[in-house]
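Data block below; observations after.
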Amino acid sequence: MKLVTITKTKLTTKPISISFNHLSEKDIDTVFLIESQSSKHPWTKNQLLESINNPVNLGYALIYKSEIIGFLLAMPSIESVDILNIVINSNYQRKGFGRALIERLIEALLKRGVSEVLLEVRVSNVSAIEFYLSLGFKEISVRKNYYTKNSNELLVKEDGIIMRLEISTFINT
Ligand SMILES: CC(C)(COP(=O)(O)OP(=O)(O)OC[C@H]1O[C@@H](n2cnc3c(N)ncnc32)[C@H](O)[C@@H]1OP(=O)(O)O)[C@@H](O)C(=O)NCCC(=O)NCCS
């Protein structure tokens, strides 16, 4: 397992020692537990496994005190990358760990010459939207009735918001 220690991060305002490793199949149980406990609309174990095992995808585990407490999965194309999922264990949210994962991704993207990050988020996921806005993501469009959610036993559709981050603006913040 290769651990990459981040020495320069905006976590400096919250001095915490973290590291990252590349997600692999052996992390699936921990990742699935975090996903199940911390996400309102969790992926299945199979969806996570498929994404982790897809050789095209980028996957990072965030390690704090020798434990995985969060992860990020992203799918790169030539000029952009789509964030597929990012989750921080609910006991560790609002401490700068989510931002640190995005910074780890951007560090990798800079080496690939990728200029923008895209993602899609449920309109009801207000905390995630606030998180992305705080990092400089902007809403670029709405995908009507893209998601299905369970509400009082009824399957209801909800919109997805597509957001975009220009990497150069993130670096300059
Ligand atoms: C979204 C998520 C990854 C953010 O991770 P995090 O580690 O809690 O976020 P950070 O601590 O790095 O937050 C950075 C900034 O984002 C904003 N932010 C994060 N969570 C927020 C919330 N719940 N409400 C309002 N703003 C929020 C704040 O500006 C925060 O800075 P501050 O704490 O100094 O005010 C985390 O809430 C999570 O795992 N949610 C469940 C899974 C999910 O919905 N993932 C997104 C799928 S699209």
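The values are calculated or read from the model by the stated rules, or taken from the named source; none is laboratory data. Just so you know, these numbers come straight off a predicted model, no measurement behind them. Methodologically, a virtual Cβ is constructed for each residue, glycine included, from the backbone with ideal geometry; neighbour enumeration extends over all protein chains shown.
What is the number of the single condition among (1) near the ligand (Cβ under 7 Å from one of its atoms); (2) more than 19 Å from residue 31 (Cβ to Cβ) that residue 86 does not meet? Among (1) near the ligand (Cβ under 7 Å from one of its atoms); (2) more than 19 Å from residue 31 (Cβ to Cβ), residue 86 violates only (2).
Residues of region 64-80 that are within 14 Å of the ligand (Cβ to nearest atom) and among the β-branched types (Val, Ile, Thr): 68, 69.
Kindly indicate whether any position in region 111-118 is over 27 Å from residue 33 (Cβ atoms) and either exposed (fewer than 11 other Cβ atoms within 10 Å of the Cβ) or near the ligand (Cβ under 8 Å from one of its atoms) (or both).
yes
Counting only strands (runs of 3 or more DSSP E) wholly contained in region 78-173, the ones carrying 3 or more residues that are basic (Lys, Arg) occupy 138-151. For region 108-122, a tally of residues being farther than 21 Å from residue 20 by Cα and at pLDDT 95 or above returns 5.
Any residue that is among the acidic types (Asp, Glu) and more than 13 Å from the ligand (Cβ to nearest atom) - is there at least one of those in region 91-107? Yes, that holds for at least one residue. Within region 114-130, can one find any residue that is free of Cβ contacts under 8 Å to residues at least 60 places away in the same chain and either on the phi > 0 side of the Ramachandran plot or basic (Lys, Arg) (or both)? Checked against the condition, which is being free of Cβ contacts under 8 Å to residues at least 60 places away in the same chain and either on the phi > 0 side of the Ramachandran plot or basic (Lys, Arg) (or both), region 114-130 yields no hits at all. Within region 1-37, the set of residues being surrounded by 15 or more Cβ atoms within 10 Å (Cβ to Cβ), assigned to a helix (DSSP H, G or I) and at pLDDT below 95 comprises 11 only.
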